[in-house]
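The values are calculated or read from the model by the stated rules, or taken from the named source; none is laboratory data. What you are looking at is a predicted structure, and each value in this text was computed from that prediction instead of being measured. Using ideal geometry, Cβ is built from the backbone for each residue, glycine included, and neighbour counts are taken over all protein chains shown. Only protein heavy atoms, including side chains, enter the accessible area calculation; ligands, DNA and RNA are left aside. Shrake-Rupley method; radii C 1.70, N 1.55, O 1.52, S 1.80 Å.
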Amino acid sequence: MSWLFLGVICVVFATIALVAWRKWIAPWRHIEQLVRQIAGGERPRTFLVDGGTPAQRVGLALENIFRRQQQLDQQIAGRESGTQAILGAMQDGLLVVDSRRHITLMNRTLESLIGLRDAAAGAPLLETVRHATLDRLIAETLRIGKPMQSELTVTNSKTNAERHVEVSAVPMKDDVDLTTGAVVLFHDITQLKRFDQVRSDFVANVSHELRTPLSILRGYIETLVENPKTSREELARILQVMERHSKRLGLLIDDLLSLAQLESSNTNLEIGQVRLPELFDHLLRDWKEKLGEKNLKVVIDLPPDALPIRADETRLQEVLYNLLENAVKYSRENGEIRLQAARRGSEIVLSVSDDGLGISKDDLPRIFERFYRADKARSRELGGTGLGLAIVKHIAQLHGGRVEAESEPGRGTSIRVVLPMNVPRDGETGSDPSN
């Protein structure tokens, strides 16, 4: 009988233990597992918890917490994505540093500007960017707590290319007006600096080109005023010199006006059908006398089935006039000049070649710049304004084309104007003439 009683007691205790396990112990272990999964960012298969009402309520609360956490994560991800999109779209470089001048944030534009890749957050600015002047500017901004600006030159660590930047540093402050860091913007002004240099060089060149003939004219005028009894022979010589330099001034002014018109935004081309054989014939008739002065032979190379091209005939004449003038100027006596037109795919290539002095490899890339002369002394001796090839380049660009040059010292020069066969109509130029 005692064994039976003992067995009943064991069964009762086992039943009580099983009920206690399923109602109080197992649910809380399940809840503990749910908490671990949520903390690890893992989504539980279910939030249903067996057991008593308290455990089930905790399970439902955990489900609400998990869903809320997902919503917050999505909001943070969306804001982060938006922030990264804004930073990636910025044309200016952006740098954020803390009060110790350690990097907090740097956008891709700045990384590309200075040649960094994935700059580590928390790294000291000076060790990362290695620009002492920039570091001092930011340190001063943090010290005085006021915005500061400066122009700096930065060097790309990968390409060694120098860029001019305008740097604006603005302090960040907390609720109690303490400086906690700085936001620094880098605006690339390299192109502006280049344009400013071109403008300065242009003004200097124009001043020089005007000063020389004006000085000569003024000198001879003073001579005539001071010596009214100058002999007829000397007077004739002086007047010839004055006439030559007055013509030079006139050519310079004409070319400057032509270049200014070509560079203006409202320049229009009068596009029409241009027949190249007739254009070349008119050109040779106009230049017959000057070609004869140096006994130059002109070879015209045109395909027998040359079709008319669409272009501004007046501007095209100006192009060939300038190219032929250079060819005549730098050709030796009894030399040869070749005028050629040839198809190149959907383009027409007009070229003027000579067998004259030629241009060095160093000077060749710059011959289309305004006032650039490969041989300054000889160019001034032969006359000209130094603007002819610049005008040629701009007219080609207005037609949606380009210019090319090939030369070898002592062997001659070939200048090619490449134009599309179908030139855009007025106001639809294919290239920016300001380049």
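Observations
- Taken over the range 268-298, the criterion of being farther than 17 Å from Arg338 by Cβ and open to solvent by less than 20 Å² (accessible area, probe 1.4 Å) is satisfied by Leu269, Val274.
- Meets criteria (open to solvent by 10 Å² or more (accessible area, probe 1.4 Å), part of a strand (DSSP E or B), modelled with pLDDT under 90 and not small (Gly, Ala, Ser)) for Arg380: no
- Residue list for the range 247-259, restricted to those being open to solvent by 60 Å² or more (accessible area, probe 1.4 Å) and either under 18 Å from Arg199 (Cβ atoms) or of a type in the set (Val, Ile, Thr) (or both): Ile253, Leu257
- Any hit, the range 304-313, residues being open to solvent by 30 Å² or more (accessible area, probe 1.4 Å), part of a helix (DSSP H, G or I) and out of contact with any Leu (no Cβ under 6 Å at 6 or more places or on another chain): yes
- Filter pass, Asp301 being closer than 20 Å to Ile391 by Cα and surrounded by fewer than 16 Cβ atoms within 10 Å (Cβ to Cβ): no
- Matching residues in the range 308-334 - criterion: being closer than 19 Å to Glu347 by Cβ and free of Cβ contacts under 8 Å to residues at least 40 places away in the same chain: Pro308
- No other residue among Val165, Val183, Val170 is touching a Phe, Trp or Tyr at 6+ places or on another chain (Cβ under 7 Å) and not small (Gly, Ala, Ser) apart from Val165.
- Check on Val183, farther than 15 Å from Val96 by Cβ, open to solvent by less than 50 Å² (accessible area, probe 1.4 Å) and of a type in the set (Val, Ile, Thr): no
- Filtered by the rule that a residue be under 15 Å from Gly412 (Cα atoms), of a type in the set (Lys, Arg) and crowded, with 18+ Cβ neighbours inside 10 Å, the range 314-344 gives a lone residue, Lys329.
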